[in-house]
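Beneath this line is the structure, given in structure tokens, with notes to follow.
The values are calculated or read from the model by the stated rules, or taken from the named source; none is laboratory data. Quick caveat: nothing in here was measured; it's all calculated off a predicted structure. Here Cβ is always computed from backbone atoms with ideal geometry, including for glycine, and neighbour counts include all displayed protein chains.
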Amino acid sequence: MQFQIQKDINQIKNSALQHFYPWTEPKSNYHLSTVALIDEQFYWLENLDKSNKSVLVLRTSLNEFILHTIELYSWGERLVPQDLFSIRDFIMEFDLEWDALYEYFGESLRELKLKWGFILDLPLKYQKLILNGIAEPGLLKYMCSNGFKWRDCYADILSDFQLSYSQQRNVIELLGRYIRREGFDSATFIKKYQDVLNSFDGDRRKLISFLNELCSPRLVEYRMKRESKIKDLQHKLNADQIEWDRSLESCNIRLHWSIKTFEDFKALKKILKSSEIDVAIAEILEN
Amino acid sequence: MSVTFEHIFIDSEVSDSRIPDHVNEYFPNQKIIEVRGFEEIKKFIDRSDSKSIINSGKKLLYLNNYKGDVIKYCPAKSPGEYLCCDLHTINLMSNCIFNCAYCILQACLTNPVMQVHCNLDHIFTELGKFDKNVNQTIRICTGEVADSLALDNILHQNEYLVSYFAECKNLYLELKTKSSAIENLLKIDPKGRTVVSFSLNPETIVNKIELHTSNLGERLSAARRLISAGYHVAFNVDPVLYYEGWKQDYRELFMTLKEQFKPGEISWMHLGLLRYIPGLAGIARQRFPGIKIFDQEFVQGPDRKYRYPKPIRDEIYAFLYENLEEWDLTMPRYSCVEQSSHWRKFHPHIPKNTAQVNEQVLQRIV
């Protein structure tokens, strides 16, 4: 049996079984980390990488396997649209029907598929956006139901501009709120902005700057003013136009600090947090 | 609002019969099902989708004992530079029958049932130890994961609580509510130890997105009656929302307050702007189709909560404080989880720590 497991290790690793657990559950919580199908029987294995120490902890049929998994993770209680992907892959690998899975999961799976099944028909790269938690199915549904061809102006932005995960999440939040606020449909958005987006030619900084100005103008205006104040402060510091000595003497310290960015300023604030100098600097900035 | 439950459960571990007796009295014809733990209730929960789960939780009443630490620090506290109001909490209930579109409970309550904890003696014993050991005045609130008064006509919990706190040395009880169910409170003399803090918003907000709560007029009328009965009353204008026409609506709210309450009558004013954790907006959009409050500009803070950008926050706070000062110049006030720069800008006295915030909040009472 050990030999069989080692022989089929790649097949096991690539099986849909490895992802057949609730999407909301972090992989690290999935304490039975590996499931293997051997001679039409299912086995939970502990720690596949250390194959010599592999332990077979459960042997079961397909029916029992599904039931046990659902019960083990209370999966029925925490079904979310993203679970449709792992369930779909499982169905395909073992040549099952959705109806069979409805029986195991109960009606909630049928309703989930009815409502969110559209995500299974999306092009693969967009499915991955949802599966990786980058795009919310609800947002895509909203965009679709508003006649918004999201893949023309939304998911393409995410994939074509090669943004980091955190940038992608920010873009989704920003753009999602904006289109809801404005009540755009696809034609309006594309007509207005497709040329602009194309003109960025994949430049992430231009894209993010554009979206920030478009979707969050008050914040951008505030940040520009803040930057200007910081530059002014820096200029005054360089020109010795600020009487630092008075406040510094009272705290009995000397200040050697180069403030070029707001991050520098925040770091300085942190260091001086407990002293009155913090207040003095903040006042200079705010006035 | 008439309250009904599809099922009422009592855990077999409950031995203190005071609250179960009140429930029995209120629902004389409804069977109370005895269960051994939450597991037995699960099958009654409609789990079709997240919307059903939340709604289902409001229809199942589960009487049990509270386990774990009785006194906790307010969960709204954020790490880092945010200064909070030093509130402590006890959870006598978990979940709420009201339906406020912005409510954080939608995103964070894991057990979708209305849990009511009946082991009052244990809770009072722990409070007694705490009262003896602290050397400062502490506000203890019951309304962080429930509304303090929403079910009081049924449960009568607050009669016991108010009487208990009336004899405390260092502790003050704060009941946070959007309800006007105060009849039971009026039977008890709080001896100056209970503050009922009403959450307020303009009438249009209350009607549209604070569903099933008492309307603004009912809350203010309840506040007036409580003052007459010897209770302290405070107001929480939280969450303040930013939308087209917000200024006029909040102006009207403050005008109403000014007309009905003289300077000095209200113990404190708490202002808080809409802030929310990631995930809440999606759930709220599902439960309240067409809701717009999460579509404004927001920025994510170091505590991961979304807030209006600073210039919008400053604009709102400046407007609200101006209105507050027109009404009652010296009213103690605080803002929930704002950074020190906010305090410098909008508060006459800058507290150095959360304990000082608490002292300022309580200055009209202690």
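Quick notes on this structure:
- Residues of the stretch B:330-361 that are part of a loop (DSSP other than H, G, I, E, B) and either more than 16 Å from residue B:235 (Cβ to Cβ) or touching a Lys or Arg at 6+ places or on another chain (Cβ under 7 Å) (or both): B:332, B:337, B:347, B:348, B:349, B:350, B:351, B:352, B:353.
- Which listed residue is surrounded by 15 or more Cβ atoms within 10 Å (Cβ to Cβ), within 14 Å of chain A (Cβ to nearest Cβ) and touching a Cys at 6+ places or on another chain (Cβ under 9 Å), from B:274, B:280: B:280
- Among the residues listed as B:187, B:191, the single one being at positive phi and surrounded by fewer than 15 Cβ atoms within 10 Å (Cβ to Cβ): B:191
- The residues of the stretch A:154-205 that are of a type in the set (D, E, K, R), modelled with pLDDT of 80 or more and not in a helix (DSSP H, G or I), listed by number, are A:201, A:203.
- When the stretch B:1-50 is filtered for residues that are over 18 Å from residue B:112 (Cβ atoms), at pLDDT below 95 and within 25 Å of the chain's Cα centre (by Cα), the ones remaining, listed by number, are B:1, B:2.
- Tallying residues that are under 14 Å from residue B:179 (Cα atoms) and touching a residue at least 60 places away in the same chain (Cβ under 8 Å) within the stretch B:235-266 yields 1.
- Residue in the stretch A:99-107 that is touching a helix residue (DSSP H, G or I) at 6+ places or on another chain (Cβ under 7 Å), at pLDDT below 75 and over 29 Å from residue B:289 (Cα atoms) present: no
- Taken over the stretch A:134-145, the criterion of being touching a helix residue (DSSP H, G or I) at 6+ places or on another chain (Cβ under 8 Å) and at pLDDT below 75 is satisfied by A:134, A:135, A:136, A:138, A:139, A:140, A:141, A:142, A:143, A:144.
- The one condition in (1) touching a residue at least 60 places away in the same chain (Cβ under 8 Å); (2) surrounded by fewer than 16 Cβ atoms within 10 Å (Cβ to Cβ); (3) part of a loop (DSSP other than H, G, I, E, B) that residue B:365 fails to fulfil: (2)
- Helices (runs of 4 or more DSSP H) wholly inside the stretch A:69-118 that include at least 1 residues being in contact (Cβ under 8 Å) with a residue 12 or more places away in the chain, facing another protein chain (nearest Cβ under 10 Å) and surrounded by 14 or more Cβ atoms within 10 Å (Cβ to Cβ): A:107-116
- Test for residue B:56: is it in contact with a Pro (Cβ under 7 Å, 6 or more places away or on another chain), surrounded by fewer than 19 Cβ atoms within 10 Å (Cβ to Cβ) and either at pLDDT 85 or above or small (Gly, Ala, Ser) (or both): yes
- The stretch B:284-305 - residue that is touching a residue at least 60 places away in the same chain (Cβ under 8 Å), more than 9 Å from every other protein chain (Cβ to nearest Cβ) and not acidic (Asp, Glu) and, of those, surrounded by the fewest Cβ atoms within 10 Å (Cβ to Cβ): B:302
- Among the candidates B:317, B:334, B:308, B:321, residue that is within 10 Å of chain A (Cβ to nearest Cβ) and not hydrophobic (A, V, I, L, M, F, W, C): B:308
- Qualifying residue in the stretch B:228-237 (condition: within 14 Å of chain A (Cβ to nearest Cβ) and of a type in the set (Gly, Ala, Ser)): no
- Consider the stretch B:337-350 and keep the residues that are within 14 Å of chain A (Cβ to nearest Cβ), in contact (Cβ under 8 Å) with a residue 24 or more places away in the chain and hydrophobic (A, V, I, L, M, F, W, C). The one that is nearest to residue B:256 (Cα to Cα) is B:346.
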